[in-house]
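Working notes for the structure below.
The values are calculated or read from the model by the stated rules, or taken from the named source; none is laboratory data. Values in this document were obtained by computation on a predicted structure and should not be read as measured data. As a convention, Cβ positions derive from the backbone with ideal geometry for all residues, glycine included, and neighbour counts pool all protein chains shown. Calculation scope for accessible area: heavy atoms of the full protein, side chains included, ligands and nucleic acids excluded. Shrake-Rupley method; radii C 1.70, N 1.55, O 1.52, S 1.80 Å.
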Amino acid sequence: MRIVFFGSPGSGKGTQAARIAEQYDLTHISTGELFRSKVLDDTRIGRRIGHVIAAGQLVDDITTNYVLFKALDGMKRFLVDGYPRNVAQARSFDVHLKNLNLELTCALFLDVPEEEAVRRLSLRRNIRQEKKENHQRADDAPEVIHRRFQVYRRATEPLVEYYGDRMVAVDGTGDADQVTARILEVLKPWE
Ligand code: ADP
């Protein structure tokens, strides 16, 4: 199986992606996590990426493709979470896979209404603040959340149309176990 997983901020895609990858024994790669680990490196590129993420913007496509393709090198069964984030990335990924003689199994879209997703993100921030966790995400600040949704609507949502028949949409509302069960159900044909 080769899956890309997309959805809005707060859709729960990180949690679900980890569960699905484990279930099917797929390599799980999250571009958000790859970038956050680059930021910790404290190099020039790490700092640049850190500024982009903190502003709620997208890292440029050349950097993103480079980092992802390198992480995927040699992998045949994978679940990529948070990529593609726009149609240009989706096109590049199609070309990349074609060159490797590989095909995407499907693009999984986790569908959650914006009000619900915003509610989840502010809940997560409050819980982290209460626990005084120091690994708060700078991009969970309310003004940045707003920008992330703008970016999502403009850049990422058009993937629904781009993938067309290759996309499977799953209702991402309800509790996490319910959502996992729905995803496993739609993936059955490819087991
Ligand atoms: P979320 O989906 O909750 O916003 P992610 O962990 O997927 O969180 O991504 C965090 C940030 O990392 C994004 O807001 C963006 O700045 C950057 N990022 C992640 N994936 C990509 C990508 N495919 N292209 C460009 N930027 C990305």
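The length gained by stretching the chain between T173 and R124 to full extension, at 0.36 nm per residue less their Cα-Cα distance, is 16.0 nm. Distant-in-sequence amide contacts of V168, defined by a placed amide H-H separation under 5 Å and a gap of 5 or more residues or a different chain, comprise A107, L108, F109.
List the relative contact order of the chain as a percent without decimals, with contacts defined as Cα pairs under 8 Å and 6+ residues apart.
Reported relative contact order: 35 percent.
Going through the cross-link list K38/K131; K70/K98; K70/K188, which pairs have a Cα-Cα distance over 22 Å in this structure? Walk me through the intermediate numbers first.
Working: K38/K131 26 Å; K70/K98 16 Å; K70/K188 29 Å.
Violating the 22 Å limit, Cα to Cα: K38/K131; K70/K188.
How large, in percent, is the carbon and sulfur part of the accessible surface of region 111-191 at a probe radius of 1.4 Å?
Values: 2610 of 5200 Å².
Within region 111-191, the accessible surface is 50 percent carbon and sulfur.
The calculated FRET efficiency for the pair Q57 and E191, based on their C-beta separation and a Förster distance of 35 Å, comes to about 0.40. Heavy-atom surface analysis with a 1.4 Å probe gives region 1-103 a carbon and sulfur content of 51 percent of its accessible area. So how strong a dipole does region 1-88 carry about its Cα centre when Lys and Arg Cβ are +1 and Asp and Glu Cβ are -1, to the nearest 20 debye? That gives a dipole near 60 debye. Our coupling estimate for region 172-181, obtained by passing each phi through the Karplus curve with A = 6.51, B = -1.76, C = 1.60 and θ = phi - 60°, is x, 8, x, 7, 4, 5, 4, 5, 4, 4 Hz, Gly and Pro reported as x. Comparing H146, L184, A169 along the charge dipole axis of region 120-191, the residue lying farthest to the positive side is H146, per the Cβ-charge model.
Per residue, the solvent-accessible area of the chain (1.4 Å probe, heavy atoms of protein chains only, all protein chains present) comes to 55 Å². In this structure, the amide hydrogen of G82, modeled 1.01 Å from its nitrogen in the peptide plane, lies closer than 5 angstrom to those of F5, counting only residues at least 5 positions away or on a different chain.
So if I take the alpha carbon set of the chain, get Rg, then get Rh from the Kirkwood formula, what is the Rg over Rh ratio? Mind showing how you got there, number by number?
Values: Rg = 16.2 Å, Rh = 17.2 Å.
Looking at the chain, the ratio lands at 0.94.
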